[in-house]
Amino acid sequence: MREACGVFGVYAPGASVARLTFDGLFALQHRGQESAGMAVSDGETMTVVKEMGLVTAVFDERTIASLVGDLALGHVRYSTTGRSTWDNAQPVYRSVGAAGFSLGHNGNLTNTAQLAASLGMLPGVVSSDSDLIAELLARRFLVAPEPDETLLVDALMDVLPLLEGAFSLALIDEAQLVAVRDPHGFRPLCLGQLTYFVAGQERRGWVVASESPALEVIGAELVREIDPGEMIVADHNGVKSSHPFGAERVEPRLCVFEFVYFARPDSRLEGREVYATRRHMGELLARRSPVDADLVIGVPDSGVAAAEGYALASGVPYGQGLIKNRYIGRTFIAPTPEARLSGVRRKLNPLRASIAGKRLVVIDDSIVRGTTTREIVRMLRESGAREVHLRISSPPFAWPCFYGIDTPVREELIASRMPVDGVCAHVGADSLGYLSLEDLMTAVGADSEGTGFCRACLTGIYPAPVPIDL
Ligand code: AMP
């Protein structure tokens, strides 16, 4: 199971754009821990630094100090399509004659193979869907008569309508920052404004980021979320918005799992704070799935907000029961099931005195394979918990995602293999309850049809074509 990526871009001539990008990427680290990179342009030269590893491992003071420019683009990656190699780290950079651009992609195209084949590309010419987008743009650059400042935007206007699936993109050339959200807006992307000073003079810059906290940490203000199907161009003229896709293709479908798990709790999505939404999920879960118990605990970090909500609505006291090592990333980083298992032990340790002899309600946001959850239940029992009642603040995750999260194949998703009581037995809990789809929709502010959201992982109804038969 892999995560969505994070993108960040800034147009702010005279500011320390590399430092701002570093801070922005650091705030987006939860969206991808496999590689990090940035491209910085000073108007003439574009420099790209990217490497496997965490943001703090890839960039140090010296690297950042050496990256001077007017605008920058950053990316943190967890591979969706394409293997986990240096070649696939982003930003992707292409130069064609005197012109060049860099691109960062969050999402996953669903027509990569068809597009590559229809263009007569031999297998292997492009290494990932993001690379394909860059290649398509570069080919437009090649046939352009004279490189000028509209080249990148003109190329995008041609290429974007060919793409299907999920893509929140940020790009830079020598003079402008561009951001695009696919017509469904599967992955988030927001626009911010930065006020800064150069030699005592106040200036305005523009920032785009996958999530709003990346704006806040650099002192930028959230202007608004970029709309599904919208393209934003920021340069010395300010910001321009356009719509490269036909209006008939625009159908908002933000990934509901951003609310459930991916996004930071302090993010704002669809104008809603993720933390408050998660708490609400917990409250609704308590009403629908009550249990006699002594203590509600959340699995850190993903289950904590919903646990608070569950406790509030049920009247069962909330407390901590599992302590997470602060220096650890997400468990799924570990590639093999064995490594993943020991990863749980490394990451979480029970608070024995608090849980011994108690009937626990344990809240987590989701069960995917069931591996981690089973280990957690065992750990709690070994620490003396009398009963372990598991409550999950989303409906059963039964269908793979093709729009930016590389989930396991269907057979590996435990909810697709067995009914709820089977999952309960597998993970070894005394009882198991999931949030209903209806309650999830209430929490995120959607109608019962889920208008505005993609919930394919929960329903198997895919709003855009998927590349395989299920
Ligand atoms: P498991 O019991 O092995 O299915 O793991 C469940 C845990 O995985 C829960 O704590 C979730 O918060 C977490 N989780 C859900 N989705 C993802 C994801 N895409 N990447 C990593 N962890 C996830």
Note to self: Quick check on the stretch 400-419: of everything there that is surrounded by fewer than 24 Cβ atoms within 10 Å (Cβ to Cβ) and of a type in the set (Ser, Thr, Tyr), which residue is nearest to the chain's Cα centre (by Cα)?
What the structure shows: Thr407
Notebook entry, point to check: Would you call His389 in contact with a Leu (Cβ under 7 Å, 6 or more places away or on another chain), closer than 28 Å to Arg359 by Cβ and either assigned to a loop (DSSP other than H, G, I, E, B) or not hydrophobic (A, V, I, L, M, F, W, C) (or both)?
Noted result: yes
Next item on the list: Could you tell me whether the stretch 224-247 includes any residue that is within 16 Å of the ligand (Cβ to nearest atom) and in contact with a Ser or Thr (Cβ under 8 Å, 6 or more places away or on another chain)?
Entry: no
Note to self: When you check His30 against the structure, is it away from the ligand (no atom under 16 Å from the Cβ), touching a Phe, Trp or Tyr at 6+ places or on another chain (Cβ under 8 Å) and closer than 24 Å to Phe186 by Cβ, yes or no?
What the structure shows: no
Check: Taking into account only those residues within the stretch 1-21 that are among the aliphatic types (A, V, I, L, M), open to solvent by less than 10 Å² (accessible area, probe 1.4 Å) and modelled with pLDDT of 95 or more, which is nearest to the ligand (Cβ to nearest atom)?
Finding: Val7
Next item on the list: Consider Ser102 carefully, then state whether it is in the same structural domain as Phe197 (by TED's automatic domain parsing), touching a Lys or Arg at 6+ places or on another chain (Cβ under 9 Å) and buried (at least 20 other Cβ atoms within 10 Å of the Cβ).
Entry: yes
Check: Out of the stretch 346-368, which residues are at pLDDT below 95 and open to solvent by 40 Å² or more (accessible area, probe 1.4 Å)?
Finding: Arg346
Check: Just a yes or no: is a residue in the stretch 441-464 under 20 Å from Val296 (Cβ atoms) and at pLDDT 95 or above?
Finding: yes
Check: Quick one: what pairs do we get from the stretch 346-369, first residue among the small types (Gly, Ala, Ser), second within 15 Å of the ligand (Cβ to nearest atom) and open to solvent by less than 10 Å² (accessible area, probe 1.4 Å), C-beta under 6 Å, 6+ apart or different chains?
Finding: Ser354/Gly321; Ser366/Ser394; Ser366/Phe397
Next item on the list: State whether the residues of the stretch 372-384 include one that is touching a Pro at 6+ places or on another chain (Cβ under 6 Å), away from the ligand (no atom under 12 Å from the Cβ) and of a type in the set (Gly, Ala, Ser).
Entry: yes
Margin query: Is it the case, given these coordinates, that Asp87 is part of a helix (DSSP H, G or I) and either at pLDDT below 95 or within 16 Å of the ligand (Cβ to nearest atom) (or both)?
Written below: yes
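The values are calculated or read from the model by the stated rules, or taken from the named source; none is laboratory data. Here the structure is a predicted model, which is why all the values come from computation and not from measurement. Heads up, the Cβs are rebuilt from the backbone with ideal geometry, glycines too, and the neighbour counts pull from every protein chain shown. Keep in mind that these areas ignore ligands, DNA and RNA; they rest on the heavy atoms of the full protein, side chains included. Shrake-Rupley method; radii C 1.70, N 1.55, O 1.52, S 1.80 Å.
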